[in-house]
Amino acid sequence: MSQYPKKELAQHVIATCISHSIEHVVISPGSRNAPLTIGFLNHPSIKTYSIVDERCAAFVALGMAQQLKQPVAIVCTSGSALLNYYPAVAEAFYSDIPLVVISADRPSHLIDRGDGQTIRQEDVYENHILFSANLVDNNGLIEENLNLLNYALTVAALEKGPVHINVPMDEPLYETDDEIISFDKIKNTIEEQPIQVDELQTYADTWNLASKKMVLVGSNFPSELLQLQLDKIIQDESVIVLTETTSNLHNTHFINSIDKVIFTLTDTELEALQPEIVLSLGGMIVSKKIKQYLRKFQPTHHWHVDAQKAFDTYFCLEKHFDVSPELFFSQFFFLTKEKSSEYRNQWLKIKESRAKNHNAFLAQCAYSDLKVFEIVLESIPEKVQLQLSNSSIIRYTQLFDIKKSWQVFCNRGTSGIDGSTSTAVGASLLVENQTVFITGDVSFFYDSNALWNQYIRKDFRIILINNNGGGIFKVIPGPKESNALEYFETPHGLTAEHLCKMYGFEYQSVASIDQLNVSLPDFYSESDKPKLVEVFTPSDENDGVLKAYFKAMK
């Protein structure tokens with residue numbers, strides 16, 4: 001016979017989550033959250049995951065919600081536990097990922113009374129949360145609690161972001177019952193409203209007159225319809241489409257490696273390519289160069305299309321179309337006309353030149369981070385989910401063409417290194433295809449507790465590029481010229497070998513092109529354990545190779 005919590009407030013939280021179709025709950029251990037843990041664990045509608053480290057737990061859930069595009073809940077005890085959720089909460093906030101934080105709390109009369117494991121939990125995520133539901137452990141306020149619960153879960157589902165439900169509970173905490181409350185199912189769906197044609201016509205008229213138009217796409221969940229729509233728009237000679245690796249969009253006429261194309265252009269050349277209109281889509285942009293370019297040579301018009309939010313990234317945002325790109329283009333195309341122009345071809349000529357220089361440089365490139373990325377990206381099979389850590393990893397990847405069948409993700413909301421491994425682990429649990437995760441050494445060791453769970457799939461693969469520190473700090477201007485480089489780069493001399501033994505990963509290390517070429521073909525094949533290959537690269541040479549690469553792009 002199943003056991004459910006006797007506490008009515010815990011039952012209400014669980015029943016409301018189920019009524020809003022939450023199916024996955026990641027739980028970290030504790031006593032104050034015992035009623036929630038017992039209830040979620042024993043409910044047949046919920047799949048639970050036990051992950052000790054709250055920071056990792058939150059990013060694992062974030063990876064799940066990233067793939068589902070539906071809310072996933074995390075549950076923790078009182079005190080500092082929920083503070084460890086904060087990095088993932090901020091990432092969810094800026095990446096529009098529906099994460100439901102459920103924290104157990106001491107009752108209000110014990111706050112600031114010297115009680116153990118007690119902090120001020122109400123509104124703790126105030127600056128990075130869509131809604132905070134501060135419940136009250138009072139049977140006289142049942143309706144108020146239920147209203148807060150329903151509103152919080154509706155906001156998470158419809159507005160695509162994090163919400164916080166704080167649940168105060170007094171002892172006893174472990175009493176159980178044989179029955180649990182249930183509520184009717186609630187459908188959190190919203191039907192997009194088309195843009196008024198008269199309003200859209202005004203912008204279409206401006207579009208039709210312009211001969212230099214840029215479509216810029218940041219992070220974006222794979223979309224076959226959007227791919228078809230942008231395949232159509234690039235047929236217009238007056239339009240160039242710039243995409244990032246995380247856009248999950250591909251076309252030979254797109255500029256898919258932005259930094260490679262524009263890094264060495266002079267101000268005169270950049271000004272000649274200055275767009276009249278920038279139509280931006282999707283989430284955060286990785287390329288610092290395109291941000292600098294469009295801030296210095298601003299378009300006359302910047303319009304952003306996104307159902308959730310629009311950032312004024314280039315300091316000239318004129319219009320936010322608050323609909324999905326798919327709906328926008330389904331209306332916009334009927335109002336636009338192609339315009340004769342050399343604009344697209346000017347960009348593509350530069351792209352073609354850069355591609356030749358890229359191939360020539362890589363053909364004679366010494367063993368380095370850059371050469372490793374060429375070999376690694378070529379080796380990865382078709383139809384994988386490719387998860388990337390931040391800093392150098394995502395930036396190196398953006399210098400290469402990637403396979404169209406991959407689905408590519410990276411935590412670019414806050415661009416932190418802190419939860420990349422945990423996110424990849426979580427995302428892998430809810431997809432059919434194999435997940436390959438590429439990470440740097442600092443990010444990997446920082447988030448090594450991501451491997452401290454029993455859910456990692458046997459086909460999960462980690463490619464760890466170990467250059468003995470934060471190599472990016474040798475590339476960016478400033479740190480290398482200071483006397484504090486070791487405080488930026490943080491060399492450590494560590495290897496992942498013993499971590500792999502502890503967590504049950506097959507481990508191999510390589511330190512040359514030949515070793516890499518020998519090890520990778522079998523790396524992705526079936527196995528009884530997940531695998532990690534650690535690729536050691538020359539820390540003192542990587543930055544010189546990268547700088548020479550960009551110089552060779554001219």
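The values are calculated or read from the model by the stated rules, or taken from the named source; none is laboratory data. It should be emphasised that the depicted structure is a prediction, and the values quoted were computed from it without experimental measurement. Cβ coordinates were reconstructed from backbone atoms using ideal geometry, including for glycine residues, and neighbour counts include every protein chain displayed.
What the table shows:
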| read-out | value |
| --- | --- |
| Close pairs (6 angstrom Cβ cut-off, 6 or more residues apart or separate chains): closer than 18 Å to D259 by Cα in segment 337-360, among the small types (G, A, S) and surrounded by 15 or more Cβ atoms within 10 Å (Cβ to Cβ) anywhere | N357/A552 |
| Residues being closer than 15 Å to Q398 by Cβ and either at pLDDT below 95 or β-branched (V, I, T) (or both) - total across segment 290-303 | 1 |
| Test: residue in segment 470-488 that is on the phi < 0 side of the Ramachandran plot and at pLDDT 80 or above | no |
| Residue in segment 286-293 that is in a loop (DSSP other than H, G, I, E, B) and in the same structural domain as T246 (by TED's automatic domain parsing) present | yes |
| Residue match in segment 138-148 (condition: among the small types (G, A, S) and either buried (at least 16 other Cβ atoms within 10 Å of the Cβ) or touching a residue at least 24 places away in the same chain (Cβ under 8 Å) (or both)) | no |
| Residue match in segment 347-364 (condition: surrounded by 18 or more Cβ atoms within 10 Å (Cβ to Cβ) and more than 30 Å from V535 (Cβ to Cβ)) | yes |
| Segment 356-380 - residue that is out of contact with any strand residue (DSSP E or B) (no Cβ under 8 Å at 6 or more places or on another chain) and assigned to a loop (DSSP other than H, G, I, E, B) and, of those, nearest to T439 (Cα to Cα) | S368 |
| Sole residue being in the same structural domain as R295 (by TED's automatic domain parsing), of a type in the set (G, A, S) and within 19 Å of H301 (Cβ to Cβ), chosen from S223, S257, S238 | S238 |
| Sole exception among (1) under 25 Å from S448 (Cα atoms); (2) free of Cβ contacts under 8 Å to residues at least 12 places away in the same chain; (3) outside any loop (DSSP other than H, G, I, E, B); (4) among the small types (G, A, S) for G544, by number | (1) |
| Test: I186 is surrounded by 17 or more Cβ atoms within 10 Å (Cβ to Cβ) and either on the phi < 0 side of the Ramachandran plot or part of a strand (DSSP E or B) (or both) | no |
| Residue among V52, V101 that alone is in contact with a Pro (Cβ under 8 Å, 6 or more places away or on another chain) and surrounded by fewer than 24 Cβ atoms within 10 Å (Cβ to Cβ) | V52 |
| Residue check for D267: free of Cβ contacts under 8 Å to residues at least 60 places away in the same chain and in contact with a His (Cβ under 9 Å, 6 or more places away or on another chain) | no |
| Every pair of residues 6+ apart whose Cβ atoms lie under 9 Å, when the first sits in segment 103-121 and is under 20 Å from T37 (Cα atoms) while the second is at pLDDT below 80 and β-branched (V, I, T) | D105/I111; D105/T118; R106/T118; T118/I111; Q121/I111 |
| Breaking point among (1) surrounded by fewer than 22 Cβ atoms within 10 Å (Cβ to Cβ); (2) under 13 Å from R55 (Cα atoms), for I74 | (1) |
| Among the candidates I417, I456, I463, residue that is out of contact with any Gly (no Cβ under 6 Å at 6 or more places or on another chain) and modelled with pLDDT under 95 | I417 |
| Condition met for D112 (surrounded by 16 or more Cβ atoms within 10 Å (Cβ to Cβ), at pLDDT below 95 and of a type in the set (D, E)) | no |
| Subset of segment 324-346 that is part of a helix (DSSP H, G or I) and loosely packed, with under 14 Cβ neighbours inside 10 Å - its residue that is modelled with the highest pLDDT | N345 |
